[in-house]
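Comments concern the structure below.
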Amino acid sequence: MTHNSDEKKRPSSSCPQSGNNSGPFSASDAYYLLEHMSDGFYMLENDWTFIYLNERAYEILGRQGEDLIGCSAWDEFPEAVDAGLRSAYGQALESGERLQTEIYYKPLNTWFGVTAQPVGKDRLAVYFSDISQYKSVESQLEYMAYRDDLTGLPNRRAALELTEAMITEGNRFSVILLDIDGFRQLNDLYGHDTGDRYIFEISKRLKEIAGPEDVIVRTAGDEFMFLSDRTETGDLDRWAKDILKSISYPVKLSATFNFSTTASIGISRHPEDGETVGKLLSTADTAMFESKLQRGNCFSIYHDEMRAKLERRRIIEDDLFSGEFREKGFYCVVQPQIDGSDGRLAGIEVLSRWEHPVLGPISPFEFIPVAEDSGAIHRLTGHLLELILSEAERWLREYGDIPKIAVNVTPHLLEDKEFYANTVHDLEMYGISPDKLEVEITEESELLTSNLILSNLRKCQDAGMTVSIDDFGTGFSGLSYLTNFPVDKIKIDRFFINLIGRSDKSEAILLSIITLAEGLGLDVIGEGVETDEQLRFLIAAGCPLVQGYYYDKPLSLEVFEEKYLAGRLAKPE
Ligand code: C2E
Ligand code: CA
Ligand code: CA
């Protein structure tokens, strides 16, 4: 194809003062310029009628061959009012100042750059041009808004659009959400610069792990997301493990400071776990929550039971939070502790029960950890104490004496500065002596090391309450703490009792625990005693105190009262 450049350069119309550029700038010069400028130009009277339009204006507005002089701008171009021109022009006229704006004019599917220049008080000169092309470049430049500054990775907005596009294409793919555990503490303790440095390093590691087809996105402060075409469970398992491993290595944040932490991962797959962006993200989030519940450093791939499980947890949490324990079906039972050598009642343990109006009976193994995590344990235990103490007050009146009452308390409760004062207050309110109360704690590390917990327990002990260690033998790493820990009694876990007659090793451990307790002057009780053989073994070993189905399952307050307080003695069944 030949190209005649000469012809292209030639002016398309002739000049009125052809070849002569000298002399003053005249009205006809101005007119010539207006007629030949590349911008559209028109002049409006203050009643919004056109008093002049150049050729280019007719052309751009698609009105060639028409005469718009004397016509109202808003009658001819009503959509321009919606686009904001009328108010812009009004403003320009009123202020007497030039105004520039960009409008999208729908009938022509065109963006215009518009300059309105007041001429005197009553007229407005307007020049305008088609800027659609710039607008399209501009929108490409918005790409900048799709990047995360710190890591250079695509950001959340990009992730959402990309996911949308992958769904539209009908691809099979996985959404992998990753959340750094404990990042907030790093930020809070060492400042945002340090936090940023950590995230930057982690993003480099993640980039290395990602395959060429995987997209990594930084969606928020310490959250990343991968879009990957891996969808096989085995493949995802391996990959998630690699990611967790790479995160676990320490990051050097300064000459003297290395920081390492773990991450939680939640995975959902398109299309089975969601056919929209929202659904896919929410299922991945659900899986992530599951990982967080496992205390992090793990990954979960979404499945439907997870949603049901979480929904159940949410209901439990909400109901615990409402504090309406009695209304929501919450009550308590008591399990007798018996001296096996003579069958006498030695005490009771109070256990929570929940008959949920919708979910049915819920085990304390399920709701106590939720209460502990959500902080509802304070009110829940407070409610339980009131239930049992008000009953005990009545027993005391009717029978002249009450058994010692053991109540389970969790680390959160013991970390409460008010724990001791609240407990004493409750005891006083119901006229129950502190030596009738036993506090059961489990053998957990935070209990043994926290000063607040130790001081709470000491105060309880000093006031005459008994402190016992529950599930003894299951959670310790060393027993030396027993020598200076405020404790009066240990409850041997059911695990060991269960192995009596079945494991010599377990029996040997049992005997040493009992001997150890004796040596330290501690009381000892066997939990979960179910058989005659177990009872006999314990009595022979010097541990006659037992609690378990052999004597009684946990009983309602009425049954307990009837069986043990109304004058009858416990008998083996
Ligand atoms: P735990 O404190 O070790 O309580 C003993 C658990 O063993 C009770 O389960 C009891 O019903 C069960 N049990 C007692 N004797 C036998 C037996 O001979 N055989 C068998 N197989 N089981 C026996 P429960 O009531 O389901 O409570 C489970 C756990 O939930 C409790 O274990 C305790 O850790 C916790 N819990 C229950 N109520 C409360 C509460 O009000 N507050 C707190 N913080 N924890 C509670
Ligand atoms: Ca207990
Ligand atoms: Ca126990």
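Ranking of Lys292, Lys563 by solvent-accessible surface, largest first: Lys292, Lys563 (1.4 Å probe, protein heavy atoms only, all chains present). Each helix, a run of at least 4 DSSP H residues, gives -39500 (n - 2.57); summed and divided by the residues of the chain, these come to -13000 deg cm²/dmol at 222 nm.
A 1.4 Å probe, protein heavy atoms only, puts the accessible area of Met429 near 100 Å². Using only alpha-carbon positions in the range 171-259, the gyration tensor eigenvalues give semi-axes of 27, 13, 11 Å once each is multiplied by 5 and square-rooted (largest first). Across the range 14-131 the C-alpha pair distances fall into 5 Å bins from zero in the proportions 2, 11, 20, 24, 20, 11, 7, 4, 2, 0 percent. With all protein chains kept in place, the per residue accessible area of the range 163-230 amounts to 48 square angstrom at a probe of 1.4 angstrom. Can you bin the range 235-326 into rounded, prolate or oblate? Criterion: square roots of the alpha carbon gyration tensor eigenvalues sorted a ≥ b ≥ c, rounded for a/c under 1.5, prolate for a/b above b/c, oblate for the rest. Oblate, because a/c is 1.5 or more while a/b does not exceed b/c.
The listed residues Glu317, Glu562 rank as Glu562, Glu317 when sorted by accessible area, largest first, using a 1.4 Å probe. On the range 365-451, 51 percent of the accessible area sits on carbon and sulfur atoms, based on a 1.4 Å probe. For the range 173-238, the carbon plus sulfur part of the accessible surface works out to 45%, probe radius 1.4 Å. The accessible area of Lys328, taken with all protein chains in place and a 1.4 Å probe, comes to roughly 40 Å². Taking 0.692 mPa s as the viscosity and 37 °C as the temperature, the Stokes-Einstein diffusion coefficient of the chain based on its alpha-carbon Kirkwood radius rounds to 103 µm²/s. Any idea what angle helix 304-322 forms with the longest principal axis of the chain, computed on alpha-carbon atoms, 0 to 90 degrees, nearest 10? For helix 304-322, the angle is close to 70 degrees. With protein chains left intact and a 1.4 Å probe, residues in the range 326-433 average 45 Å² of accessible area per residue. Give me the net charge of Ala376's neighbourhood, meaning all other residues with Cβ under 11 Å from the Cβ of Ala376; Lys, Arg count +1, Asp, Glu -1. Within the 11 Å Cβ shell, the charges total -4.
By the Kirkwood approach, averaging reciprocal distances over each pair of separate Cα atoms, the range 174-224 gets a hydrodynamic radius of 11.7 Å.
In what sequence, highest mean first, do 159-165, 46-52 appear when ranked by Cβ atoms within 10 angstrom?
By packing density, highest mean first, the sequence is 159-165, 46-52.
Legend: residues Trp395, Trp74, sorted from most to least accessible area (1.4 Å probe; ligands, DNA and RNA excluded), read Trp74, Trp395. Surface composition of the range 33-102: carbon and sulfur atoms hold 42% of the protein heavy-atom accessible area at a 1.4 Å probe. Heavy-atom accessible surface of Phe200, to the nearest 10 Å², is about 80 Å², with a 1.4 Å probe and all protein chains retained. How tilted is helix 504-520 with respect to the longest principal axis of the chain? Cα atoms for both, answer in degrees (0 to 90, nearest 10). Approximately 80 degrees, to the nearest ten.
The values are calculated or read from the model by the stated rules, or taken from the named source; none is laboratory data. On a predicted model such as this, the values are computed, not experimentally measured, just so you know. Note that we place each Cβ from the backbone using ideal geometry, even for glycine, and neighbour counts take in every protein chain shown. Note: areas computed on protein heavy atoms with side chains; ligands, DNA, RNA excluded. Shrake-Rupley method; radii C 1.70, N 1.55, O 1.52, S 1.80 Å.
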